[in-house]
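One structure is given below, encoded as structure tokens.
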Amino acid sequence: MVNLVVDLRDERFDRAALTDALDQIRNAGFTVETSASGAALAWIDQEFGGTWSSEAYAGKNIVALENDEFAGFVTYAPQGLRFGWLQNWTRRRDVGIFGPFGVARRFRGSPLGRNLLHAALAELRALGYDFALIPAVGDGSLAAYYRRECGATVADEFDLRPTDERIPTTVLASGNGTNFQAALDASRAGKIPLQINALIANKEGARVIDRARHGEVPTIAKVIWDRGVESRET
């Protein structure tokens, strides 16, 4: 895994670049929203999984839609994230966090992704940051993409190898929890240092509940949340 850094002092990320990137998105037929609605967060969760919707909720967002259907999004300047790979960076006032960032499958390879990327980087510069941190990039081709598109360089490398210590863990599963089985299997195999002791699911009848029962997870609870209607504070 690597953390990448982009120098935002480059003229490619000035106010004119922000205007140009947003204009290109709109001229391609997309509608642009500058915040992530509950429906947008639900789409991010369903389309990309992981912790992306929670990270988007913690930051500022640019969301692109085509014919009222979500096409892509980018988050920038999320606050309060506690990932280990950020611990040496969150103290720096000249560094803003970029991401997560994703485009619907049907638009991958189109200019939409590049324009969202450049718009968010320009927004970080407008907020007063000199550098953007693109954290936890594990795919070599993705690192090459950022290097090519915005001049990102490797700032540090880290390893997520497991330790002997097993951390008692409660898993919060959104939707069907498609990543839960992989996490449970990895925990049992000792590939990640987690002891999964409880599952909280937010969907009645979700497959993840059966997976937890079959995996002999001691505690299973359901907290039903209509992501498209209820806010995260409800």
Top-ranked residue in region 13-40 [being acidic (Asp, Glu) and assigned to a helix (DSSP H, G or I); ranked as farthest from Val208 (Cα to Cα)]: Asp20
Candidates Thr75, Thr31 - the one that is of a type in the set (S, T, N, Q) and surrounded by 16 or more Cβ atoms within 10 Å (Cβ to Cβ): Thr75
Single match in Ala132, Ala77, Ala136, Ala64 (criterion: in contact with a Gly (Cβ under 8 Å, 6 or more places away or on another chain), in contact (Cβ under 8 Å) with a residue 40 or more places away in the chain and over 17 Å from Ser35 (Cα atoms)): Ala132
Some residue of region 120-130 being of a type outside the set (A, V, I, L, M), part of a helix (DSSP H, G or I) and either at pLDDT 95 or above or touching a helix residue (DSSP H, G or I) at 6+ places or on another chain (Cβ under 9 Å) (or both): yes
Failed item in (1) touching a strand residue (DSSP E or B) at 6+ places or on another chain (Cβ under 9 Å); (2) modelled with pLDDT under 75; (3) not small (Gly, Ala, Ser), with Leu133 passing the rest: (2)
Pick from region 46-66, criterion in a loop (DSSP other than H, G, I, E, B) and either surrounded by fewer than 21 Cβ atoms within 10 Å (Cβ to Cβ) or among the β-branched types (Val, Ile, Thr) (or both), ranking: farthest from the chain's Cα centre (by Cα): Ala58
Scan of region 2-12 for residues that are surrounded by 14 or more Cβ atoms within 10 Å (Cβ to Cβ) and either touching a helix residue (DSSP H, G or I) at 6+ places or on another chain (Cβ under 9 Å) or in a loop (DSSP other than H, G, I, E, B) (or both), ordered by number: Val2, Asn3, Leu4, Val6, Asp7, Leu8, Arg12
Qualifying residue in region 110-131 (condition: surrounded by 18 or more Cβ atoms within 10 Å (Cβ to Cβ), of a type in the set (S, T, N, Q) and on the phi < 0 side of the Ramachandran plot): yes
Filter pass, Ala206 being at pLDDT below 75, exposed (fewer than 15 other Cβ atoms within 10 Å of the Cβ) and either of a type in the set (A, V, I, L, M, F, W, C) or over 20 Å from Gly38 (Cβ atoms) (or both): no
Filter result (in a loop (DSSP other than H, G, I, E, B), surrounded by 14 or more Cβ atoms within 10 Å (Cβ to Cβ) and modelled with pLDDT of 70 or more) within region 175-189: Asn179
Only one of Trp43, Trp85, Trp89 that is in a helix (DSSP H, G or I), in contact (Cβ under 8 Å) with a residue 40 or more places away in the chain and either under 12 Å from the mean Cα position of the chain (by Cα) or in the same structural domain as Gly138 (by TED's automatic domain parsing) (or both): Trp85
Residue check, Ser141 farther than 29 Å from Thr19 by Cβ, modelled with pLDDT of 80 or more and either out of contact with any strand residue (DSSP E or B) (no Cβ under 7 Å at 6 or more places or on another chain) or not assigned by TED's automatic domain parsing to the domain that holds Thr90 (or both): yes
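The values are calculated or read from the model by the stated rules, or taken from the named source; none is laboratory data. Predicted model, so just to flag it, every value in this text is computed and none were measured. Reconstructed Cβ throughout: ideal geometry from the backbone, glycine too, with neighbour counts over all protein chains shown.
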